[in-house]
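Notes for the one structure printed next.
The values are calculated or read from the model by the stated rules, or taken from the named source; none is laboratory data. Note that the structure is a prediction, hence the values are computed from the model and not measured. Because the Cβ atoms are built from the backbone with ideal geometry, glycine has one as well, and the counts that use them run over all protein chains shown.
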Amino acid sequence: MNKIFLSLLLLLSCNILQAQIVSDNNQSNAATVSSKDGQNKFAIFGNAEMTFFADKNNVQFGEVNFKPIFLWRISDKLFVEAEPEFETGEGSLDIGLEYANMCFIVNRYLILHAGRFLPKFGAYRGRMGEGFINRFPTDPVGFGDGGIGAMNEVGIGAQGGFGTGDVKFNYDLYLSNGPILLTDPENAGQFEYEGYVGNNKGKAVGGRVGFLPLTNSSLEIGYSFQSKMKTGDAGSPYENVGLHMQAIDLNYFGHITPMQSDVRLIGEWKYQKVDKATYFDASGTPFTFDNSPSTYYVAGTIRPVHVHNLFIHNLELAARYSRFKRPLKAPWGGDNAHQFAVALDYWLKWNSLVKLTYQTQKDEPDAFYAQVVFGF
Amino acid sequence: MKKYIIASSALLLAFSTSMVVISSCAVSQKVQNKTGTQLWGENCGRCHNAPGPGEFSAANWDIIGRHMRVRTNITETEEKKIIDYLKTTGN
């Protein structure tokens with residue numbers, strides 16, 4: 001009975017989608033026949049980045065990244081985006097797959113997608129952390145490797161955007177392999193977020209709702225969540241350890257006429273709560289701790305973009321504060337981390353710039369970074 | 001098994017209802033009257049410097065418009081108006 005019901009449910013969903021496809025294809029055929037460009041369009045864009053780093057112990061040309069983005073607009077309905085990443089940060093060439101995402105445009109309000117996609121939890125990692133969008137060569141503390149949340153997700157999702165009255169909303173909902181709980185003595189209670197493959201039958205459910213309350217779309221406020229009821233390996237005592245995460249992000253872009261400048265204010269707060277579990281240290285002694293880390297950052301930038309002097313017009317000043325609250329009793333915990341960074345950037349083109357940054361972080365030597373980013 | 005059926009049915013119902021509600025929403029006349037130039041400045045500039053009309057070919061703008069819709073959830077109308085502006089002004 002249950003199987004019949006589920007089959008009917010699936011059939012109904014497929015029929016709705018199929019009806020939409022037939023209807024839209026009938027409309028789009030007329031339009032595409034006369035198109036001289038052809039329907040299947042392909043392009044490569046991306047970034048190349050190089051970072052110089054200096055503190056009291058080191059002076060070095062460090063990380064080099066090359067990130068081509070492959071885009072295929074196969075038809076009005078089908079779209080594929082993929083980004084491999086080549087990086088040298090760890091002292092050797094690492095090649096990774098940032099994302100490979102297949103999108104199906106169902107209608108003006110709904111896009112379905114499947115594959116490996118950029119995270120929809122919060123806005124920094126999926127959007128604001130890009131080399132030519134982030135005004136700093138570094139990530140805020142708690143937002144890079146070892147921070148809260150995934151760099152990528154593997155799964156399926158639905159998304160879209162729509163307006164009503166003077167305001168706009170957008171949404172993302174997804175089902176993914178989700179985070180995998182680590183239980184070895186050094187990393188107990190941390191997560192492998194990337195989830196190339198799942199470790200049990202559980203899946204993460206997550207989403208983000210964005211709200212743009214101003215008519216000129218200059219302010220976006222987002223709320224995100226992600227929940228996975230089973231994060232431990234199947235059959236292990238940790239299988240049913242659950243993870244629940246929430247985030248709030250904000251992005252404001254405006255103009256200050258007396259200063260002939262554009263300003264930008266961005267920020268994000270993320271919180272994670274892990275179910276209580278008993279772990280074992282290297283000597284086999286059991287221990288447990290309250291595993292609820294949180295992190296946030298706020299950043300502001302100002303660029304005198306309306307000044308006629310070309311040199312001044314291309315300068316941008318940025319400042320950022322971030323904080324990462326870690327569980328004190330966790331083997332990987334310790335004190336909370338604070339970081340402050342100030343940057344002076346020079347724009348060579350709309351997506352290419354040189355960043356000069358001075359950064360201080362608790363328990364780390366002050367550091368100077370210079371980074372060149374070319375968008376192509 | 002029963003709880004999955006109930007959850008799936010509730011999700012499908014909630015999603016279908018949301019789609020009906022969304023499709024019945026109407027934007028204000030002020031928003032409807034916005035030009036591609038206006039929408040380009042407002043939406044592209046929110047995350048990054050907005051590229052000028054002469055930056056890419058018409059075919060590439062079509063691809064970029066779709067990429068940005070998938071990446072940032074701009075509306076279909078915004079995608080169309082912005083890309084029309086960039087294609088017609090720069091090519």
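Looking at residue A:131 and the list (1) out of contact with any Ser or Thr (no Cβ under 7 Å at 6 or more places or on another chain); (2) surrounded by fewer than 19 Cβ atoms within 10 Å (Cβ to Cβ), which single condition is not satisfied?
For residue A:131, the exception is condition (2).
Restricting attention to the stretch B:59-68, and to residues there that are among the hydrophobic types (A, V, I, L, M, F, W, C) and more than 7 Å from every other protein chain (Cβ to nearest Cβ), which single residue is farthest from the chain's Cα centre (by Cα)?
Selected residue: B:61.
Please go through the stretch A:104-119 and give me each residue that is part of a loop (DSSP other than H, G, I, E, B) and closer than 22 Å to residue A:45 by Cα, ordered by number.
A:118, A:119
Kindly provide the set of residues from the stretch B:36-58 that are under 19 Å from residue A:165 (Cα atoms), more than 7 Å from chain A (Cβ to nearest Cβ) and touching a helix residue (DSSP H, G or I) at 6+ places or on another chain (Cβ under 7 Å), ordered by number.
If the condition is that a residue be under 19 Å from residue A:165 (Cα atoms), more than 7 Å from chain A (Cβ to nearest Cβ) and touching a helix residue (DSSP H, G or I) at 6+ places or on another chain (Cβ under 7 Å), then B:36, B:39 are the ones that fit.
If a residue has to be in a strand (DSSP E or B) and surrounded by fewer than 17 Cβ atoms within 10 Å (Cβ to Cβ) to count, how many in the stretch A:67-79 make the cut?
So the count comes out to 3.
Here's the yes/no breakdown for (1) modelled with pLDDT under 95; (2) farther than 20 Å from residue A:256 by Cα; (3) among the acidic types (Asp, Glu):
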position	(1), (2), (3)
A:296	no, yes, no
A:311	no, no, no
A:327	yes, yes, no
A:333	yes, yes, no
A:342	no, yes, no
A:347	no, no, no
A:351	no, yes, no
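Checking residue A:201 against (1) closer than 21 Å to residue B:72 by Cβ; (2) within 14 Å of chain B (Cβ to nearest Cβ): exactly one of these is not met. Which one?
Here residue A:201 clears every test but (1).
Just to be sure I understand, how many residues within the stretch B:74-91 are free of Cβ contacts under 8 Å to residues at least 24 places away in the same chain and at the interface with chain A (Cβ under 7 Å from one of its Cβ atoms)?
2
Looking at the stretch A:48-74, which of its residues are modelled with pLDDT under 95 and under 24 Å from residue B:58 (Cβ atoms)?
none
State yes or no: is residue B:71 in contact with a strand residue (DSSP E or B) (Cβ under 7 Å, 6 or more places away or on another chain), within 8 Å of another protein chain (Cβ to nearest Cβ) and among the charged types (D, E, K, R)?
No: the conditions fail for residue B:71.
Has the stretch A:263-280 got any residue that is under 30 Å from residue A:179 (Cα atoms), among the basic types (Lys, Arg) and part of a strand (DSSP E or B)?
Yes: the stretch A:263-280 contains one or more residues that are under 30 Å from residue A:179 (Cα atoms), among the basic types (Lys, Arg) and part of a strand (DSSP E or B).
Cβ-Cβ under 8 Å, sequence separation 6+ or interchain: first residue in the stretch A:125-149 and within 14 Å of chain B (Cβ to nearest Cβ) and without any contact (Cβ under 8 Å) to a residue 40 or more places away in the chain, partner outside any helix (DSSP H, G or I) and buried (at least 22 other Cβ atoms within 10 Å of the Cβ). Which pairs?
That search, which allows pairs on different chains as well, returns A:125/A:119; A:125/A:143; A:125/A:149; A:125/A:150; A:126/A:119; A:126/A:120; A:129/A:143.
Just one of the numbered conditions (1) assigned to a strand (DSSP E or B); (2) closer than 24 Å to residue A:260 by Cβ is not true of residue A:305; which one?
Only one criterion in (1) assigned to a strand (DSSP E or B); (2) closer than 24 Å to residue A:260 by Cβ is unmet by residue A:305, namely (1).
Return the only residue of A:112, A:93, A:118 being closer than 28 Å to residue A:327 by Cα, hydrophobic (A, V, I, L, M, F, W, C) and either in contact with a strand residue (DSSP E or B) (Cβ under 9 Å, 6 or more places away or on another chain) or more than 8 Å from every other protein chain (Cβ to nearest Cβ) (or both).
A:118
Has the stretch A:293-308 got at least one residue that is more than 24 Å from the chain's Cα centre (by Cα) and either among the basic types (Lys, Arg) or surrounded by 19 or more Cβ atoms within 10 Å (Cβ to Cβ) (or both)?
Yes, the stretch A:293-308 has at least one match.
Of the residues A:367, A:318, A:337, A:343, which is aliphatic (A, V, I, L, M), buried (at least 16 other Cβ atoms within 10 Å of the Cβ), in contact (Cβ under 8 Å) with a residue 60 or more places away in the chain and under 28 Å from residue A:241 (Cα atoms)?
A:337 is the lone residue from the list that is aliphatic (A, V, I, L, M), buried (at least 16 other Cβ atoms within 10 Å of the Cβ), in contact (Cβ under 8 Å) with a residue 60 or more places away in the chain and under 28 Å from residue A:241 (Cα atoms).
Tell me the residue from A:173, A:212, A:243 that is buried (at least 17 other Cβ atoms within 10 Å of the Cβ), away from every other protein chain (no Cβ under 14 Å) and closer than 29 Å to residue A:298 by Cα, please.
Answer to the selection: A:243.
Given the conditions (1) closer than 30 Å to residue B:21 by Cα; (2) of a type in the set (A, V, I, L, M, F, W, C); (3) free of Cβ contacts under 8 Å to residues at least 40 places away in the same chain; (4) surrounded by fewer than 16 Cβ atoms within 10 Å (Cβ to Cβ), which single one is not true for residue A:112?
Every condition holds for residue A:112 apart from (3).
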